[in-house]
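The values are calculated or read from the model by the stated rules, or taken from the named source; none is laboratory data. The shown structure was predicted, so the numbers you read here are calculated from the model rather than taken from an experiment. Here the Cβ positions follow ideal geometry from the backbone for every residue, glycine too, while neighbour counts run over all protein chains shown.
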Ligand code: AMP
Ligand code: GLY
């Protein structure tokens, strides 16, 4: 089979790395890819939002399956467009991807199907915001409705802060994404994530994984896309996974199907583990990044076969096998991230890091130039190791990090601390 992966991050590198091992694979392409993905796939300079270009490429290369990594093309309808041309694509169609693309849609869906989530209201004006903030009382969470690259959420300790956040968002701080808002109650507890493959009907759980969103050690400082991840995640006990599947994910999947927007793809539920049980914070319509970088090294089954089964509605009979070993990924980012940072600094020692057993360096924001691999983004590398348990994977991953020579980069030194 000929496969095209869409995206250019560490998640897409991990997907390409796993797909490259499939006995079903013919050719593998990635649009646009990065300097590490080049080792697994042929990179093609097409933007994930260039639907015409992607469709034309698929026709020309006789692509049998497109695997869409990031949320923006999913929410904008890339799967719909490809399927309309008879090109099979893995990922939700736009109507189902609204579960990530519109927080208000997700909350209303929860309300219609009895799924536990924070009390909320969809807000379209400052007057409505004022009234609801007064009604609910602080602390509150103010969220832009649409995709805002993880920046559209303000945790407000006071009503005045909440009102300021609402005013800023409605005033255009998040562009179109913030034209409408969701204001909701602040939940207290530990955050956890749940991942599954969904084929429209059947929910096939993946192994557990947890990321670290904050830039600073001890999970402090501004949020990022994720500074590291580990799998398994001990916070997600088997009982909690079961409760999440039956009480949150399956009702939403059934609800979407009943409402005429069946969900196919990866279902990533962001949870708050509250005293009253798990409550849904958000849904992502794709693999997490860097959670994918710790799930893929643990997957023993053929990823390509699994994605095809999900696409074809055949997960019911499908089974996934996983390694017993744990995996841990340390993200190396450019100094300054998640604020402003420079591009173009040279990175050395990636091969030396990968000489260690059970270590894989997934590239996120890298490019290849005359001087070798250079940084081309905020999150740049995901140094990933397997080990007998999370502690062993952690020490192996940091040993590998120590072999990378990149003065302009930084990483957190405590990835996995909750699990170790
Ligand atoms: P979201 O994009 O909706 O997941 O929000 C981003 C982050 O904000 C989450 O990972 C949580 O850390 C936090 N957050 C979102 N909603 C709530 C809430 N209702 N209560 C407490 N924290 C929240
Ligand atoms: N690591 C968080 C995300 O992929 O959204």
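At a glance:
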item	result
Wholly enclosed strands (runs of 3 or more DSSP E) of the range 134-189 bearing at least 3 residues surrounded by 20 or more Cβ atoms within 10 Å (Cβ to Cβ) and either over 23 Å from the mean Cα position of the chain (by Cα) or within 11 Å of ligand 1 (Cβ to nearest atom) (or both)	140-144, 181-185
Residue among 340, 333 that alone is free of Cβ contacts under 8 Å to residues at least 24 places away in the same chain, closer than 30 Å to residue 142 by Cα and either in a strand (DSSP E or B) or more than 16 Å from ligand 2 (Cβ to nearest atom) (or both)	340
Any strands (runs of 3 or more DSSP E) falling wholly within the range 190-303 and containing at least 2 residues that are within 15 Å of ligand 1 (Cβ to nearest atom) and more than 25 Å from residue 324 (Cβ to Cβ)	214-216, 220-223, 264-274, 277-284
When residues of the range 21-41 are limited to those that are surrounded by fewer than 20 Cβ atoms within 10 Å (Cβ to Cβ) and out of contact with any helix residue (DSSP H, G or I) (no Cβ under 9 Å at 6 or more places or on another chain), the one farthest from residue 383 (Cα to Cα)	26
Residue tally, condition more than 8 Å from ligand 2 (Cβ to nearest atom) and either without any contact (Cβ under 8 Å) to a residue 60 or more places away in the chain or out of contact with any helix residue (DSSP H, G or I) (no Cβ under 6 Å at 6 or more places or on another chain) (or both), over the range 276-294	6
Condition met for residue 47 (touching a helix residue (DSSP H, G or I) at 6+ places or on another chain (Cβ under 6 Å) and either free of Cβ contacts under 8 Å to residues at least 40 places away in the same chain or within 16 Å of ligand 1 (Cβ to nearest atom) (or both))	no
Matching option when the condition is closer than 19 Å to residue 194 by Cβ and either more than 22 Å from the chain's Cα centre (by Cα) or away from ligand 2 (no atom under 16 Å from the Cβ) (or both), among 298, 348	298
Filter result (surrounded by 14 or more Cβ atoms within 10 Å (Cβ to Cβ) and assigned to a loop (DSSP other than H, G, I, E, B)) within the range 343-356	343, 345, 347, 349, 356
Residue that is modelled with the highest pLDDT [pool: residues in the range 217-248 that are over 21 Å from residue 299 (Cβ atoms) and within 12 Å of ligand 2 (Cβ to nearest atom)]	227
Residue that is surrounded by fewer than 23 Cβ atoms within 10 Å (Cβ to Cβ), touching a residue at least 12 places away in the same chain (Cβ under 8 Å) and away from ligand 2 (no atom under 16 Å from the Cβ), where the choices are 131, 118, 111, 127	118
Selection count where residues are in a loop (DSSP other than H, G, I, E, B), touching a residue at least 40 places away in the same chain (Cβ under 8 Å) and in contact with a strand residue (DSSP E or B) (Cβ under 9 Å, 6 or more places away or on another chain), scope the range 50-67	2
The listed residue being at pLDDT 95 or above and under 29 Å from residue 276 (Cβ atoms), out of 96, 60	96
Conditions (1) farther than 30 Å from residue 297 by Cα; (2) within 16 Å of ligand 2 (Cβ to nearest atom); (3) modelled with pLDDT under 90: number failed by residue 143	(3)
Matching entry among 252, 273 (being in contact with a helix residue (DSSP H, G or I) (Cβ under 8 Å, 6 or more places away or on another chain), over 26 Å from residue 77 (Cβ atoms) and more than 16 Å from ligand 2 (Cβ to nearest atom))	273
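This table checks each residue for (1) touching a strand residue (DSSP E or B) at 6+ places or on another chain (Cβ under 7 Å); (2) within 16 Å of ligand 1 (Cβ to nearest atom); (3) assigned to a strand (DSSP E or B); (4) without any contact (Cβ under 8 Å) to a residue 40 or more places away in the chain.
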| position | (1), (2), (3), (4) |
| --- | --- |
| 13 | yes, no, no, no |
| 24 | no, no, no, no |
| 29 | yes, no, yes, yes |
| 72 | no, yes, no, no |
